[in-house]
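First comes the structure, then the notes that go with it.
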Amino acid sequence: MNHRKVVTGLFVGATLMVSAGVYSRSFHQQRGAQPGVVKPEMSDTITATVYADNWFAMYINGKLVAVDPIDFLPHNVVKVDILPEYPMTIAIVAKDNADPKTGYEYGNRVGDAGIVVKFSDGTVSNASWKVRRISSGPPVKTVPFPTGWELPTFDDSKWESATVYSTQRVNPKKPYYDYDFMGASFVWTTDLDTDNTILLRTKVEKPGWNKRWNTKPDLDISGAQVKS
């Protein structure tokens, strides 16, 4: 037996094992918790539950957080987890089904609309929310979306207060009753029948709230917008 080869082999093997151990510790240090970094947990999140007749997209503090995946039928409920930061501006575009050229649905009918929103932090849709009509009909009348309408800095002080409608008036379908909307009201503009596209806004204050985590995303999702 060549003792020099054995010794050399043992030395190389030991060196590789030590190197692997150092690499493994370094890799896990990079992947693991960093000193001073506090990450958000699911316990920091809240849920938002929305039923819309027929469609909506929702922004929180200017970021798109939810889009109704079904634009028409069947009626559905959207429930999403949200990592809140207060004060929290909720901005929603809601659309009833309507032909953009005529304002009718199903060819010659005037449809009705409505949206109800409930957050697990106690925030609910009600008459304190602000609303603005964008499109109505028949006859069809449309105005442009205000620039920055979804941003916290937008001034909605001249918008109307939302109009509350009863469940009987909106006549929601079964999915609505499968979820807890207790305390939340159906809202829209003053015209539930012919206002087909609307904007809704509200600002949620939470005095004394402090963000528990100190991380922030590196990725940029500012380009995620809903075509208006």
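A short reminder: the numbers here are calculations on the coordinates, not readings from a lab. Note that the structure is a prediction, hence the values are computed from the model and not measured. Here Cβ is always computed from backbone atoms with ideal geometry, including for glycine, and neighbour counts include all displayed protein chains.
To one decimal place, what Kirkwood hydrodynamic radius in Å is obtained for the stretch 42-204 from all pairs of distinct Cα atoms? It is 15.9 Å.
Spin-label pair Lys101-Thr167: with each label point 7 Å from Cα along the Cα-Cβ axis, the two points sit 4.0 nm from one another.
Mind checking which lysines have their Cα closer than 22 Å to the Cα of Lys141? Skip sequence neighbours fewer than 8 apart in that chain. Straight-distance partners of Lys141: Lys95, Lys101, Lys130, Lys158, Lys227.
I want to check the label-to-label distance for Asp191 and Thr153. Put each point 7 Å from Cα in the C-beta direction and report it in nm to one decimal. If labels sit at Asp191 and Thr153, their model points lie 3.4 nm apart.
With R₀ fixed at 22 Å, the C-beta to C-beta distance from Thr45 to Leu219 puts the FRET efficiency at about 0.75.
For the stretch 138-228, the square roots a ≥ b ≥ c of the C-alpha gyration tensor eigenvalues yield an a/c of 1.5 or more together with a/b not exceeding b/c, which makes the shape oblate. Scoring 170-178, 81-89, 189-197 by mean Cβ neighbours within 10 Å over their residues and listing the highest first yields 189-197, 81-89, 170-178.
For the stretch 104-175, just say rounded, prolate or oblate: build the C-alpha gyration tensor, square-root its eigenvalues into a ≥ b ≥ c, call rounded for a/c under 1.5, and beyond that prolate if a/b exceeds b/c, oblate if not. Oblate shape, in that a/c is at least 1.5 and b/c is the bigger or equal ratio.
For the stretch 61-98, the residues whose backbone nitrogen is under 20 Å from a point 7 Å from the Cα of Lys174, taken along Cα to Cβ, are 69-79. Between the alpha-carbon centres of the stretch 121-135 and the stretch 68-98 there is a gap of 12 Å.
Once the Cβ-Cβ distance of Arg109 and Asp81 is raised to the sixth power relative to R0 = 25 Å, the FRET efficiency obtained is 0.10. Local charge for Ser128 was computed over the other residues whose Cβ lies under 11 Å away, with Lys and Arg +1 and Asp and Glu -1, and equals +3.
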